[in-house]
Structure formats: structure tokens, C-alpha cells
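> Here's a structure for you.
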Amino acid sequence: MADPKGFLTTPRQEWPRRPVEERVHDWAEVYVPGALLPIIEAQADRCMDCGVPFCHEACPLGNLIPEWNELVSRDDWRAASDRLHATNNFPEFTGRLCPAPCEAGCVLAINQPAVTIKNVEVAIADRAWQDGLAPPRPPDRLSGATVAVVGSGPAGLAAAQQLTRAGHTVAVFERDDRPGGLMRYGIPSFKMEKRHLDRRLAQLREEGVRFRTSTEVGRDIGAAELRARYDAVVLAVGATAWRELEVPGRELTGIVQAMEYLPLANRVCEGDIDASPLSAAGKHVVIVGGGDTGADCLGTAVREGAASVTQLDIYGQPGSERDELAEPWPTYPKIYRLSAAHEEAGELRTAPAADADARLFAASTLRFEG
Ligand code: SF4
């Protein structure tokens, strides 16, 4: 750390979001463009470079967080990018989309706001692209082995990139017309614009990955043929395999799964269709489920011009502070979080509850009535 007292002198500051009134009229990312890099070195300097960095343990990828915090605070973006990409193929995705268990585990979070680890991550990734620090890295020589990767979501793409860089010849099979999986047709653009995905796909192609889109394994090509044609097969599928809500009335019209609703809105953004057949425009919408996917539906419905939106969360409303007995540090706590979508729904007063946001807590769905 460049300043050993940074955590004492610098308050936590997050990447600011654009005004709600502005952003609900477009599908661009909710953050103020260009507002992160000017603040991020001081934020990285809040890191205490802990002897036992719990952030590193809490990160599912094992990201080398204290290392790249230090490198950012010292303005060494090249080394920071190298250390970040050592454990993470796509930090510009995770820096925008991950719920950041690293920050819940940050030692600073014991008695102060955590280091803005997720913001540092996305800043390194964006700066790496801006400065040409993430070039294609094709292998020096080919192994002669071939691999089929089934599914082009983040897991499939990461597997394809690692295998290609190791020298194997990789083909990625995707049933949709474009690669990207959940990142393409599930995640709304206001959380991550598709240009980030397209840029990585171009990098993968230059490294040698081949994409077979509009090809469904099991329909267009059989498992036996895949096994015969390739030395190995990686299965990286399943994000759209939704969980059914088996209650009376589920079969009524107007009840759709998130992964039926969100892809159509994304296709409008891609320019494939003019309007979504499932658009929420002018409708009163109820979202069953209080998680991130529900929030994605909420932000989408608000942008489509829903008359009202209510989100049902099966859990009771959590407090604003960690429950130290039930969920002690460094576990990921259930605390009241106001996502960008909740902010939008609340400020626009589209929620019948006219609450701080659109959620009704402790609400379990027992049946649907026509
Ligand atoms: S736990 Fe927090 S303060 Fe400690 S090294 Fe990780 S980010 Fe820095």
C-alpha cells in the first residue's frame, strides 16, 4: 500500500450512478461514464494489505486482491492487469456483475466500510482494454488435441480460452444465434453493455477459438458424434434451466419465467426485434423472487414503461447491519441492499407499496388467481 493510513483518511466512495430520471430512459450502464478512474487509486489505497487477506479467501476465483490493490494505488496498471488476469479471464464481467463476497470478507469491514474491491477490479479491467494491456494471447504451438465446449456462457468461454491458450484446438457450441449465453440474453445491458462481451469474443476468436452458433447439441449434433470428433468435451450449460414454481394457477396466461422475459428485452437492444412480445409497457407487473434475476426483471420492466412493479421476496426484510450472531464476519450477510433497479422503482414510485423500493418482504407465493 502506498499510504499505510489510507483506510483511516479516505472514506469509501463507490462508482457513482447516473440520475435515475436519466437512466430509466435508456439501456446504457447505470454508472457515470469516466467517473471511476479518477477516484479509484485512493480507494485501492484503503487496502491494509492484510497478512491474512480474507478477501482473497472469500473470492470464489481466488483473486489476488491485495496484490492488485497495491499495484493500482502505485499507478502500475500493467502489473495490476497481469495479476488480475492471472486468476480471472473476464474481470470486466465479474467487476460489473459479481455480488462481491470479497467485500463482505474484507478485514476492514469488521468495523468500517469495506474496500471497494469490485470497483477496483472493473477499473483495472477497463484500463487494461483502454491501454492495450489485454491483447490476444494465442498459443506458441498446438498440442494436436481437440476440445468441444458446449455452452458459451462465462464458464464455457473461460474454459475455451484456457484450453486454447494451452494449445488445444477448441470449438464452442452455442444453440443461440450469438455466443455469450446468460451474458448475452439474460443480463440486461444496463448492468453490463454487450460491447464488453463482444470485445472478449473478438479476443477469443483471434486466439483461435471457433464458435458454432445456432447449433444445439442433442438436436443438430449428437453426443456420440461430438465424442467421436473431439478428444474431449466440456459441458458448460444450464443457466436457462429455470426452477418451476408449482402452485395452483401457474398455467394461467401472463405468467412467464425470467429467462423467457429477459431474452426478448435483450433482443430489442440487439436490434433483432422492434418490440418485445412480452413487454411490460403499461402493465402492472409482479416479480416472484427477490434475488438478482428479479432485480434484472425489475429494471427491465421499469425501462419498458410498466404501470407498476412489485417484487415479492420470500425472506423477511433484513436489517441494515450484519447480524453478528447469525452471520458473523467474514460470511456473506443478508443485509438490506438497494440495487440500481430498486432505486429506480422506488424513486419513480412505480411500486404500489410506495415503499423505499418495489419489494414486499416475507411474501410467499401460494397460488395465482386469474
Ligand atoms: S481483506 Fe480488505 S483490507 Fe485486507 S487485503 Fe483484502 S481488501 Fe485489503
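The values are calculated or read from the model by the stated rules, or taken from the named source; none is laboratory data. Keep in mind that this is a model prediction, so the values were computed, not measured. Using ideal geometry, Cβ is built from the backbone for each residue, glycine included, and neighbour counts are taken over all protein chains shown.
> Can you list residue pairs whose Cβ atoms sit under 8 Å apart, with the first residue in region 133-154 being farther than 30 Å from residue 192 by Cβ and of a type in the set (Ser, Thr, Tyr) and the second being part of a loop (DSSP other than H, G, I, E, B) and modelled with pLDDT of 95 or more? Count only pairs 6 or more apart in sequence or on different chains.
143/166; 143/167; 143/168; 146/168; 146/230; 146/231
> Suppose the filter is of a type in the set (Val, Ile, Thr), away from the ligand (no atom under 16 Å from the Cβ) and buried (at least 18 other Cβ atoms within 10 Å of the Cβ); does residue 20 pass it?
Here the answer is no, as residue 20 does not meet what is asked.
> Which is modelled with pLDDT of 95 or more, surrounded by fewer than 20 Cβ atoms within 10 Å (Cβ to Cβ) and touching a Phe, Trp or Tyr at 6+ places or on another chain (Cβ under 9 Å), of 146, 87, 116? Even if it seems obvious, please write down each step before you answer.
Values: 87 fails: touching a Phe, Trp or Tyr at 6+ places or on another chain (Cβ under 9 Å); 116 fails: surrounded by fewer than 20 Cβ atoms within 10 Å (Cβ to Cβ).
Every option except 146 fails the conditions.
> When region 179-223 is examined, which residues are found to be on the phi > 0 side of the Ramachandran plot and either outside the structural domain of residue 164 (by TED's automatic domain parsing) or among the β-branched types (Val, Ile, Thr) (or both)? Full working, then the answer.
Taking region 179-223 as the starting set, the residues that turn out to be on the phi > 0 side of the Ramachandran plot are 180-181, 208, 214, 218.
Of everything in region 179-223, nothing turns out to be on the phi > 0 side of the Ramachandran plot and either outside the structural domain of residue 164 (by TED's automatic domain parsing) or among the β-branched types (Val, Ile, Thr) (or both).
> As an exercise: evaluate residue 36 against (1) modelled with pLDDT of 95 or more; (2) loosely packed, with under 13 Cβ neighbours inside 10 Å; (3) more than 16 Å from the ligand (Cβ to nearest atom) and give the number of the one condition it does not meet.
(2)
> Report the residue count in region 91-114 for those that are assigned to a helix (DSSP H, G or I), within 11 Å of the ligand (Cβ to nearest atom) and either among the small types (Gly, Ala, Ser) or on the phi > 0 side of the Ramachandran plot (or both).
Matching residues across region 91-114 total 3.
> Mind checking which helices (runs of 4 or more DSSP H) fall wholly inside region 1-88 and carry at least 2 residues that are basic (Lys, Arg) and outside the structural domain of residue 341 (by TED's automatic domain parsing)?
Here the list reads 77-85.
> Taking the conditions exactly as written (within 11 Å of the ligand (Cβ to nearest atom) and modelled with pLDDT under 95), does residue 57 satisfy them or not?
yes
> While we're looking at this one, here's another question. Output yes when any residue across region 115-137 is outside any helix (DSSP H, G or I) and within 12 Å of the ligand (Cβ to nearest atom), and no when none is.
Yes - at least one qualifying residue is present in region 115-137.
> Scan region 67-84 for residues that are under 22 Å from the mean Cα position of the chain (by Cα), within 14 Å of the ligand (Cβ to nearest atom) and over 18 Å from residue 39 (Cβ atoms) and jot them down.
So the first thing to find is which residues in region 67-84 are under 22 Å from the mean Cα position of the chain (by Cα), and the list is 68-69, 80-84.
Filter again for within 14 Å of the ligand (Cβ to nearest atom), leaving 68-69, 80, 83-84.
Passing the criteria: 83, 84.
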